[in-house]
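Take a look at the structure below.
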Amino acid sequence: MDKKISVKVCLGTTCFVMGSANLQELLEVVPRKYGDKVEVAGVPCLRLCSIDWEFSKAPYVKVDDDIIKEATVEKVLNAIEEKLK
Amino acid sequence: MAITGPKETSHLKREILVRLIKAFYSNDFAENARLIPYQMRPKDYEATYRCCVYKERAILRDRAIAGLGLSIEDTDDSVHMAELAKKVLEREKPDENCLTVLQTACKGCVPSRFYVTDLCQGCVARPCVNTCRFGAISVKDGKSKIDTEKCKNCGMCAQVCPYQAIMKVIVPCENACPVGAIAKDDSGYTKIDFDKCISCGKCISACPFGAVHKKSQIIDVLKHIKNGKKVVAMVAPSMFGQFPCSPEQLRSAILKLGFYDVYEVAQGADVTSKTEAAEFEERMENGEEFMTTSCCAAYNELVEKHLPEIKPYRSTTHTPMYYTAEIVKEEYPDCISVFFSPCVAKRKEAMNDKNVDYVLNYDEVGAWFIALGVRTEECEKSGFKVEATAQARNYAVTGGVADAVKALLPEDIPAYSVTVDGLNKESIRDLKKYAKNGVCELGNLIEVMACPGGCLGGSSTINPYKQASKNLAKYVQDSKSCKNEK
């Protein structure tokens, strides 16, 4: 388990308005909780909202290659826990 | 501090707005508006919040009705949604009362009362029975019981119970309302008493069912833009920091929506600061004890409806919105002016201001960006014609208004500012006391903000307070000070 888990919080306008504004706390919570095992960043639009006009499933977060729809802090932390198992 | 936690109700409300705006831009607004509940809850959808998909659709229809700017309570269920959408396009003016309640969602709340939980041990001391002055408590089957007919909701029993076994069952909207304007009626439906309501919007944030809606004016604004009118946006200082972009990018993002020009309301805030500082100076020279600010619309409505005794102490200076709209209408006399606001209360203020035609909240503007695919973070920068001062841009944060006034006062006028950081029953009581005694022992310049944290804590903001204040602070830091201007 050397490879870092990557967490990308989409901070594009659609995701931001639909809820990723509230996910910004992950940028502080995750490093505090997992140290250097997880790399977390707020990123520009991941373009996931424009596929089939799926804005209603925003906000999106990518944990490695997995896409979390309608992401919440809880969901993202659970996904990280799963990966660390 | 203002808590704007993540809420699924906000997600739902914003989704409906995006769909309504999309429908407006489509070639058949009425029909596509009608389809919204069906698109959101298609045939094979499994109901997640309510008993069945049919009820969820009915509720979504009601929410869309609020999005159209109509009153949910007054709308006949049998009228076709497409008809309503058509009717809205013919509307000349927005509705006067800016809130509406989705009453079907209110059945979930039990009326506010005190309740003995299972934690009751049926103790020997029985302080609850002995403390109750109304004889409402008796012990049955080894547990205390409250007779709701006799109970006056004084709460003494809950205070004396050694097991903390007696709870107050609250209705969140009633509990949040600082002026007792929202309550369940005998039928169990929540009603807003608009004679008492100060439009602060606390009930919107408080309701876990998202049952309190604002009546949106977005369709009206869209209509004017479509008809080729010159529509000018006036952006309140609290909006900078609400989106993932710089203020200059936000300006061009708003222009992309079809606005003719975009003004910073901080420009008007500079006029407010100057006028208010001069007024404060004069009042203090005349030996007055204190003055309160006058820029918060919910506070102003509170003064009108519940606190007339403080009127002589409230500044007569107009709000930043007022001065900005005056400037805008002077520049573009034939324009439609739209104020972008963090709260509902400004809608009410706008209705009494001939220079402000419409008010949109940040979540509505956000939905508009989504509907048109405007990525604010990718927009090019576009500067404001008139740059406001740092002090004016800081109006959005508690203490910012008082600081701006203080910065413009001559040194021989001592100003001690007091901030009322959020209107609630306690702070209203304090204000009443200052008015009654004619003195405030804490200071002489009282800044009143209805929302904790100031405008950044408004009920219609997007970004949580902590992040928003960080973003705004950066903008303020990069702005020129009004002190150098003097």
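The values are calculated or read from the model by the stated rules, or taken from the named source; none is laboratory data. Please read these numbers as outputs of a predicted model, since none were measured by experiment. Cβ sites come from the backbone with ideal geometry, for glycine too, and all protein chains shown count toward neighbours.
Which one is surrounded by the most Cβ atoms within 10 Å (Cβ to Cβ) among residues in the stretch B:279-334 that are polar (S, T, N, Q) and in contact with a helix residue (DSSP H, G or I) (Cβ under 6 Å, 6 or more places away or on another chain)? Let's see the steps before the verdict.
Step one: filter the stretch B:279-334 for residues polar (S, T, N, Q), giving B:286, B:292-294, B:300, B:315-317, B:319, B:324.
From the residues that got through so far, the ones that are in contact with a helix residue (DSSP H, G or I) (Cβ under 6 Å, 6 or more places away or on another chain) too are B:292-293, B:315, B:317, B:324.
Numbers: B:T292: 23, B:T293: 27, B:S315: 20, B:T317: 23, B:T324: 30.
If we take residues in the stretch B:279-334 being polar (S, T, N, Q) and in contact with a helix residue (DSSP H, G or I) (Cβ under 6 Å, 6 or more places away or on another chain), then B:T324 is surrounded by the most Cβ atoms within 10 Å (Cβ to Cβ).
Of all residues in the stretch A:72-85, how many are in contact with a helix residue (DSSP H, G or I) (Cβ under 9 Å, 6 or more places away or on another chain) and more than 10 Å from chain B (Cβ to nearest Cβ)?
Of the residues in the stretch A:72-85, the ones in contact with a helix residue (DSSP H, G or I) (Cβ under 9 Å, 6 or more places away or on another chain) are A:72-73, A:76-77, A:80, A:84.
So of that shortlist, the ones also more than 10 Å from chain B (Cβ to nearest Cβ) come out as A:76-77, A:80, A:84.
Going through the stretch A:72-85 one residue at a time, the tally reaches 4.
May I ask you to verify whether B:K274 is within 14 Å of chain A (Cβ to nearest Cβ) and either of a type in the set (A, V, I, L, M, F, W, C) or in contact (Cβ under 8 Å) with a residue 24 or more places away in the chain (or both)? Outline the logic, then answer.
Numbers: within 14 Å of chain A (Cβ to nearest Cβ): no; either of a type in the set (A, V, I, L, M, F, W, C) or in contact (Cβ under 8 Å) with a residue 24 or more places away in the chain (or both): yes.
When the stated conditions are applied, B:K274 does not pass them.
Tell me the residue from B:K474, B:K480 that is part of a helix (DSSP H, G or I), basic (K, R) and at pLDDT below 95, please.
On the way: B:K480 fails: part of a helix (DSSP H, G or I).
Exactly one of B:K474, B:K480 is part of a helix (DSSP H, G or I), basic (K, R) and at pLDDT below 95, namely B:K474.
Table: residues versus (1) surrounded by fewer than 19 Cβ atoms within 10 Å (Cβ to Cβ); (2) modelled with pLDDT under 90; (3) outside any helix (DSSP H, G or I); (4) over 26 Å from the mean Cα position of the chain (by Cα).
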{"residue": "B:A66", "(1), (2), (3), (4)": "no, no, no, no"}
{"residue": "B:I72", "(1), (2), (3), (4)": "no, no, yes, no"}
{"residue": "B:S78", "(1), (2), (3), (4)": "yes, no, yes, yes"}
{"residue": "B:A82", "(1), (2), (3), (4)": "yes, no, no, yes"}
{"residue": "B:C106", "(1), (2), (3), (4)": "no, yes, no, no"}
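When you check B:R393 against the structure, is it crowded, with 24+ Cβ neighbours inside 10 Å and within 23 Å of B:K474 (Cα to Cα), yes or no? Can you show your working first?
Details: crowded, with 24+ Cβ neighbours inside 10 Å: yes; within 23 Å of B:K474 (Cα to Cα): yes.
Yes.
Restricting the stretch B:168-178 to residues that are among the hydrophobic types (A, V, I, L, M, F, W, C) and not in a helix (DSSP H, G or I), which is surrounded by the fewest Cβ atoms within 10 Å (Cβ to Cβ)? Before you say what the answer is, go through the steps one by one.
Residues of the stretch B:168-178 that are among the hydrophobic types (A, V, I, L, M, F, W, C), as a first pass: B:169-171, B:173, B:176-177.
Those left that are additionally not in a helix (DSSP H, G or I): B:169-171, B:177.
On the way: B:V169: 12, B:I170: 15, B:V171: 21, B:C177: 23.
Step by step, filter the stretch B:168-178, then rank; the result is B:V169.
Report whether or not B:A30 is within 18 Å of B:A371 (Cα to Cα), surrounded by 14 or more Cβ atoms within 10 Å (Cβ to Cβ) and either out of contact with any strand residue (DSSP E or B) (no Cβ under 9 Å at 6 or more places or on another chain) or within 14 Å of chain A (Cβ to nearest Cβ) (or both). Give the derivation first.
Values: within 18 Å of B:A371 (Cα to Cα): yes; surrounded by 14 or more Cβ atoms within 10 Å (Cβ to Cβ): yes; either out of contact with any strand residue (DSSP E or B) (no Cβ under 9 Å at 6 or more places or on another chain) or within 14 Å of chain A (Cβ to nearest Cβ) (or both): yes.
Here the answer is yes, as B:A30 does meet what is asked.
When both residues are 6+ apart or on different chains and their Cβ atoms are under 7 Å apart, which pairs have a first residue that lies in the stretch B:402-419 and is within 19 Å of B:L442 (Cα to Cα), and a second that is of a type in the set (K, R)?
B:A415/B:K406; B:S417/B:K406
Could you pull out the residue among B:E426, B:E380 that is charged (D, E, K, R), assigned by TED's automatic domain parsing to the domain that holds B:A253 and touching a residue at least 12 places away in the same chain (Cβ under 8 Å)? Walk me through how you get there before you give the answer.
Details: B:E426 fails: touching a residue at least 12 places away in the same chain (Cβ under 8 Å).
That would be B:E380, the only listed residue that is charged (D, E, K, R), assigned by TED's automatic domain parsing to the domain that holds B:A253 and touching a residue at least 12 places away in the same chain (Cβ under 8 Å).
Looking at the stretch A:1-39 only, could you name the residues that are within 9 Å of the chain's Cα centre (by Cα) and buried (at least 22 other Cβ atoms within 10 Å of the Cβ)?
Once the filter is applied, which keeps residues that are within 9 Å of the chain's Cα centre (by Cα) and buried (at least 22 other Cβ atoms within 10 Å of the Cβ), the stretch A:1-39 yields A:V7, A:V9, A:C10, A:S20, A:L23, A:L26.
Tally the residues that are part of a helix (DSSP H, G or I) and polar (S, T, N, Q), restricting the search to the stretch B:293-318. Give the derivation first.
Step one: filter the stretch B:293-318 for residues part of a helix (DSSP H, G or I), giving B:297-305, B:308-313.
Those still in the list that are polar (S, T, N, Q) too: B:300.
Qualifying residue count for the region: 1.
Which ones in the stretch B:341-355 are surrounded by fewer than 24 Cβ atoms within 10 Å (Cβ to Cβ) and hydrophobic (A, V, I, L, M, F, W, C)?
B:M351
Tell me which of these B:R429 doesn't satisfy, since it passes every other one: (1) more than 19 Å from B:C177 (Cβ to Cβ); (2) modelled with pLDDT of 95 or more; (3) surrounded by fewer than 22 Cβ atoms within 10 Å (Cβ to Cβ).
(1)
Can you tell me which residue in the stretch A:5-53 is nearest to B:Q39 (Cα to Cα), limited to those that are of a type in the set (S, T, N, Q) and within 11 Å of chain B (Cβ to nearest Cβ)?
Step one: list which residues in the stretch A:5-53 are of a type in the set (S, T, N, Q), which gives A:6, A:13-14, A:20, A:22, A:24, A:50.
Okay, now just the ones that are also within 11 Å of chain B (Cβ to nearest Cβ), so A:13-14, A:20, A:22, A:24, A:50.
Working: A:T13: 23, A:T14: 19, A:S20: 23, A:N22: 26, A:Q24: 30, A:S50: 17 Å.
This residue is A:S50.
Taking the stretch B:435-464, which residues are over 21 Å from the mean Cα position of the chain (by Cα) and part of a helix (DSSP H, G or I)?
Across the stretch B:435-464, the qualifying residues are B:A435, B:K436, B:N437.
Residues of the stretch B:281-306 being under 14 Å from B:L431 (Cα atoms), polar (S, T, N, Q) and free of Cβ contacts under 8 Å to residues at least 40 places away in the same chain, which ones?
Passing the criteria: only B:S294.
Across the stretch B:35-48, which residue is surrounded by the fewest Cβ atoms within 10 Å (Cβ to Cβ) among those that are within 22 Å of B:G108 (Cβ to Cβ) and within 14 Å of chain A (Cβ to nearest Cβ)? Even if it seems obvious, please write down each step before you answer.
At the first step, the residues of the stretch B:35-48 found to be within 22 Å of B:G108 (Cβ to Cβ) are B:37, B:40-41, B:45-48.
Within this subset, residues satisfying the condition of being within 14 Å of chain A (Cβ to nearest Cβ) are B:37, B:40-41, B:45, B:48.
On the way: B:P37: 23, B:M40: 18, B:R41: 22, B:Y45: 13, B:T48: 9.
Across the stretch B:35-48, the extreme among qualifying residues is B:T48.
Please state which one of B:L20, B:L60 is without any contact (Cβ under 8 Å) to a residue 60 or more places away in the chain, within 14 Å of chain A (Cβ to nearest Cβ) and in a helix (DSSP H, G or I). Explain how you work it out, then say what you get.
Working: B:L20 fails: without any contact (Cβ under 8 Å) to a residue 60 or more places away in the chain.
After ruling out the rest, the residue left standing is B:L60.
Which condition breaks for B:Q242 when tested against (1) surrounded by 15 or more Cβ atoms within 10 Å (Cβ to Cβ); (2) at pLDDT below 95; (3) in a loop (DSSP other than H, G, I, E, B); (4) polar (S, T, N, Q)?
(2)
Given the stretch B:327-434, what strands (runs of 3 or more DSSP E) lie entirely inside it while holding 3 or more residues that are away from chain A (no Cβ under 14 Å) and in contact with an Asp or Glu (Cβ under 6 Å, 6 or more places away or on another chain)?
On the way: elements: B:336-341, B:358-361, B:417-421.
Ranges flagged: none.
Run down B:A165, B:A181 and say which single residue is closer than 22 Å to B:A350 by Cβ, buried (at least 16 other Cβ atoms within 10 Å of the Cβ) and outside the structural domain of B:I72 (by TED's automatic domain parsing).
Details: B:A165 fails: closer than 22 Å to B:A350 by Cβ.
None of the others qualify; the one that does is B:A181.
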